[in-house]
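Here's the structure, in structure tokens; my notes come after.
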Amino acid sequence: MSTRLPDEMPAAGDARALLALLVRQDSRNPALVAGGPGEGGVARCLADVLARWGLDVELQEVRAGRPNVVARTPAARAGRGPVLMLNGHLDVVGVEGMIHAPFDAAERDGRLYGRGAADMKGGIAAMCAATVRALRSRPELAVVIAAVIDEEWESEGTRALVERGVRADAAIVTEPTRLAIAPAHRGFAWLTLTVRGRAAHGSRWDIGVDAIRGAALVLAELDRHEREALPARTHPLLGRASLHASLIEGGIGMSTYPDRCVVRIERRTIPGESAETAVREVEDACARVRAARPELDATVALDFAQPPSDVPTDAPIVRALSHAIEATGETPRIEGLSAWTDAAILNEAGIPAICYGPGDIALAHAAEEWIPLDEVRRATEVLEGVMVGWGGGGPGTGDRGPARGTRGQMKGPETG
């Protein structure tokens, strides 16, 4: 698909113009949307802008026609100084059911509308503009901008970034947080529970085994676990852990005992829990049913999982962001983020990563998606402030000393 370029490139550091340009690029993830064009067009567009803005830019192919954009300041390219990474994803979800044009980037009442405006091209525009602005007063600034593919599906972009050795001393992922600092977010595990029965005529209770009823007994045990055990597992910023049944299929006909029932379960995890925790819980539920119904034939499989993320609330990167917010005359807010982000992958790689950006996650994937332009402006100003102070050695300005506090720990009988 062709890249839609404006008559004039956005002026260096103009977040609003860059946002409009990015939203006009259709970057629907083909793993989610049949025929989606992917991120190639928007990646080339952004790479061109950042190169014209004076950054050292490369396109790193992850999948055919779907590259990450990696841009570095001169100091970051030379390997000098503590490096700050700014990370955001270029892919967007589908547009079915949207009540406005998805890629027009229309402005109304101080908002810019479009698929990806909030999730998360507003954050990408702010972080890119802020970097160029900060370089004017800090030419020695070491920053890596990583605009990645596939976060909406399996996060192949940030995983490839880490595998290829891109490193930093800290990272800010500019997901929409309504300008709150989000040092922690949930993870998730997708599980498949398969219960096998024995097909028989509906009148033959003596030989038929009802797989759906067996699955229901396991779900009843999981319901009890969700109501009684999970509320006791909490995180100070994220609250309690959770579990729900997402999809179910089974049965052959009205007069036939079902020989199979498949239930797909999502378990949202909090720091201190893991995918293995989730698998063990469903297996334990099966074991409790089997103790009373030995005939239960059930297995549990882990289909996919992403870990939770947790950074101490007084880590250097949190302090740096807090100081920059205070410098604008606002009071920092520290909150947990319910949705999953690539910050977890960066943290697993040893890069302390937190989320901060314009827009509301509640508008992500919605029929009406928009972002307040004033939040984009304020996020740009704050991120510029972070970078102007980054690596200066003062408190909360990129110093590499250990954080004084500890991560928010899960409370409860299991620690994952």
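Here are the numbers for the structure shown:
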read-out	value
Percent of beta bridges antiparallel (DSSP, the chain, rounded to nearest 5)	75 percent
Virtual spin-label span in nm between Glu335 and His100, 7 Å along Cα→Cβ	2.1 nm
FRET efficiency estimate (nearest 0.05) - Cβ-Cβ, Leu363 to His201, R0 51 angstrom	0.45
Relative contact order (%) - criterion: Cα under 8 Å, at least six apart; region: the range 66-154	55 percent
Gain in span if fully extended, Arg80 to Glu154, counting 0.36 nm per residue against the direct Cα distance	23.4 nm
Estimated FRET transfer efficiency (Thr328, Arg280; beta-carbon r; R0 51 Å; 0.05)	0.65
Gained length - Ala229 relative to Met254, 0.36 nm times residue gap less alpha-carbon distance	5.4 nm
Most to least accessible of Asp169, Asp26 (protein chains only, probe 1.4 Å)	Asp169, Asp26
Largest-first principal axis extents of the Cα set of the chain (Å)	81, 50, 40
Two-site label geometry, Ser137 and Glu348: point separation in nm, points 7 Å out along Cα→Cβ	3.8 nm
Length released on extending from Leu59 to Ser246, taking residue separation times 0.36 nm less the Cα-Cα span	63.6 nm
Degrees between helix 122-137 axis and first principal axis of the chain (Cα, 0 to 90, nearest 10)	30 degrees
Cα gyration tensor category, rounded, prolate or oblate, for the range 263-368 with a/c compared to 1.5	prolate
10 Å Cβ shell holding at most 13 others, DSSP loop, GluC sites (Glu not before Pro): longest site-free stretch of the chain	155-294
Check: the chain dipole with +1 on Lys, Arg Cβ and -1 on Asp, Glu Cβ, in debye	520 debye
HN-Hα J in Hz across the range 256-265 - Karplus 6.51, -1.76, 1.60, θ = phi - 60°, x for Gly and Pro	9, 5, x, 8, 7, 9, 10, 10, 9, 10
Kirkwood Rh in Å, taken over all unlike Cα pairs in the range 9-134	15.1 Å
Residue-averaged 222 nm ellipticity for the chain, from DSSP H runs of 4+ at -39500 (n - 2.57), nearest 500	-9000 deg cm²/dmol
Whole-Å distance, taken between Cα centres, linking the range 10-38 and the range 297-369	22 Å
Coarse-grained scattering of the range 126-249 at q = 0.12, 0.16 Å⁻¹, given as base-10 log I(q)/I(0) from a Debye sum over alpha-carbon atoms	-0.77, -1.02
The chain: most fluctuating residue of Ala126, Ala160, Ala171 per GNM, C-alpha cutoff 10 Å	Ala160
Relative contact order (percent, whole number), the range 297-367, Cα cutoff 8 Å, 6+ residue spacing	34 percent
Cβ-derived FRET efficiency at R0 22 Å, Ala51 paired with Arg164, nearest 0.05	0.65
Relative contact order for the chain, counting Cα pairs under 8 Å that sit 6 or more residues apart, in percent	22 percent
Share of carbon and sulfur in the accessible heavy-atom surface of the range 105-206 [1.4 Å probe, %]	46 percent
Largest-first ordering by accessible area, 1.4 Å probe, given options Leu302, Leu237, Leu55	Leu302, Leu237, Leu55
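The values are calculated or read from the model by the stated rules, or taken from the named source; none is laboratory data. Just so it is clear, the structure is predicted and the values come from calculations on it, not from any experiment. FYI the Cβ positions are ideal-geometry reconstructions off the backbone, even for glycines, and counts take in every protein chain you see. Areas reflect the complete protein model, heavy atoms only, side chains present, ligands, DNA and RNA absent. Shrake-Rupley method; radii C 1.70, N 1.55, O 1.52, S 1.80 Å.
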